[in-house]
């Protein structure tokens, strides 16, 4: 779906970044780590804006000495790896590189997955990264801080039990455009903030290319859905075509299962995920 850039002044529905959100997220991180009883956090640092922001928030909230950043390239890593290393150094946090190439190659060979579609193979990579982060967390008394944002969660644009697998999601209630604004505000370098968003799951892959819509347009539509407006009202207030609104509504509907724990049929008095409240 071709993206149509519309000046924010034209659209009534635009997610806004507020400075106080930084302090809310930092307080959340402090509380999460304290309640977990763990000594620190581990963050998958990809070289993109989401993980760069989470690393910065964690470093400021609990101190650089309690934050470990792990880059997990499938290959040499290139500019993303260089950006991640440079940012970790600037933050004063520990940085490690764990190449997942050999692991994924072994899995693909065992599964005879070379002819599989890119999404299935990409999911293997995402789940390999999750396994690395949780191994480190388990063996070093840390928790996994996820880097997913609200736009991706609502559209189901993440790998279930892959990059969606984390203990906490500090930026999970920020739309992608808000993430970008916050990252600029807290000093994430322009070369990271302005980079074309990609999950790095296969060569040439981009988020907006896969989603079929720009984040600027997507977030305006999602805000309208969050406000429970009718599709026609969203189209008007977000200054987007109605068919784009219906397309995003479809993405949100198809991604419901990714946002929930596995469903359990009710046979007991109180059932986890249904009426067992915690």
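Here, each number is a calculation from the coordinates, and none is a lab measurement. In this text, all values refer to a predicted model and were calculated from it rather than measured experimentally. So basically every Cβ, Gly included, is an ideal-geometry build from the backbone, and we count neighbours across all protein chains shown.
Here are a few things to note about the model shown:
- Size descriptor, Kirkwood hydrodynamic radius, that averages inverse alpha-carbon separations across segment 66-125, Å: 12.9
- Descending semi-axes in Å of segment 207-261, equivalent ellipsoid built from Cα gyration tensor: 18, 14, 9
- In terms of packing, defined here as the mean over residues of other Cβ atoms within 10 angstrom, the peptides 45-56, 11-22 line up highest first as 45-56, 11-22.
- Rounded FRET efficiency, nearest 0.05, which uses the C-beta distance separating residue 276 from residue 161 and R0 of 30 Å: 0.90
- Ranked from largest, the principal axis spans of the Cα set of segment 52-194 equal 46, 32, 29 Å.
- Cα-based Kirkwood hydrodynamic radius, the chain, one decimal, Å: 19.8
- Per principal axis, descending, Cα span of segment 20-91 in whole Å: 37, 26, 18
- If the segment from residue 114 to residue 260 were pulled out straight at 0.36 nm per residue, it would be longer than the present Cα-Cα gap by 49.5 nm.
- Rg ratio (alpha-carbon, reference 2.2 N^0.38 Å) - segment 133-276: 1.21
- Added length on full extension, which subtracts the Cα-Cα distance from 0.36 nm per residue, residue 228 to residue 131: 31.2 nm
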